[in-house]
Amino acid sequence: MDSEVFCQWLENVFIQGVEARNVKKPVLLLIDGHSTHVTMKASDICLIHGVELYCLLEHASRVIQPLDLRLFSALKRNWKQAVRDFQSEHIGEYVTKTTFAGVFKQAWNASTTLEVAVKVFQEAGLFPLNPAAVTSSMKIEPCKIVCPQKPIECSESVTEKG
């Protein structure tokens with residue numbers, strides 16, 4: 001994904017889909033804050049078409065980014081099954097560029113349902129809005145590798161180590 005591809009998707013897929021369904025504006029579009037999504041061109045497109053871009057909290061996808069909570073894990077699981085199914089039907093073959101789309105379609109269709117989409121937004125506390133959905137049980141404390149619990153002792157100098 002680059003910023004040009006995102007802008008094309010925004011205009012030709014998202015906005016056209018919103019307009020085709022006569023959705024009341026403004027429309028909220030939740031994005032992950034990746035630099036390819038946060039550009040002046042994307043902002044201008046959204047302004048013209050009544051779309052409000054909202055960047056979800058960085059590095060918190062496991063907590064509040066709806067698709068990361070459930071859909072992608074289901075897609076990963078269903079992808080593995082779709083590959084197994086393909087290989088069972090085509091003994092000795094691998095998924096290639098030619099066969100990828102068909103295999104992926106099976107996994108996508110098994111993973112992306114309306115029920116899953118509704119549930120992930122509820123679990124994230126995004127719709128309906130529920131700040132209590134993000135709890136300490138969701139492991140939102142700092143990473144122990146980057147921020148160790150106890151400070152690193154620097155009692156030995158480099159010259160003492162030899």
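The values are calculated or read from the model by the stated rules, or taken from the named source; none is laboratory data. The structure presented is a predicted model; accordingly, all values stated were derived computationally and were not measured. Here the Cβ is made from the backbone with ideal geometry for all residues, glycine too, and neighbour counts use every protein chain on show. Note: areas computed on protein heavy atoms with side chains; ligands, DNA, RNA excluded. Shrake-Rupley method; radii C 1.70, N 1.55, O 1.52, S 1.80 Å.
The stretch between residue 47 and residue 121, if pulled fully straight at 0.36 nm per residue, gains 24.2 nm over its current Cα-Cα span. Ordering of 85-94, 69-78, 108-117 by packing is 69-78, 108-117, 85-94, highest average first (other Cβ atoms within 10 Å, averaged per residue). Ligands, DNA and RNA aside, residue 67 has an accessible area near 80 Å² when probed at 1.4 Å. Between residue 88 and residue 40, the modelled label-to-label distance comes to 5.5 nm, taking each label 7 Å out from Cα in the direction of the beta carbon. 3J(HN,Hα) couplings calculated from phi for segment 37-43 with the Karplus curve 6.51 cos²θ - 1.76 cosθ + 1.60 (θ = phi - 60°) are, in sequence order, 9, 9, 10, 5, 4, 4, 4 Hz; Gly and Pro show x. Simple rule: put +1 on each Lys or Arg Cβ and -1 on each Asp or Glu Cβ in segment 29-117, find the dipole, and look at 45, 79, 55; the Cα lying farthest toward the positive end is 79.
Return the subset of 41/105; 76/97; 41/97; 41/76 for which the Cα-Cα distance in this structure is over 29 Å, preserving the input order. Exceeds cut-off: 41/105; 41/97; 41/76. Can you figure out the FRET efficiency of residue 100 with residue 21, using R₀ = 35 Å and their beta-carbon distance, to the nearest 0.05? Efficiency for this residue pair is about 0.70.
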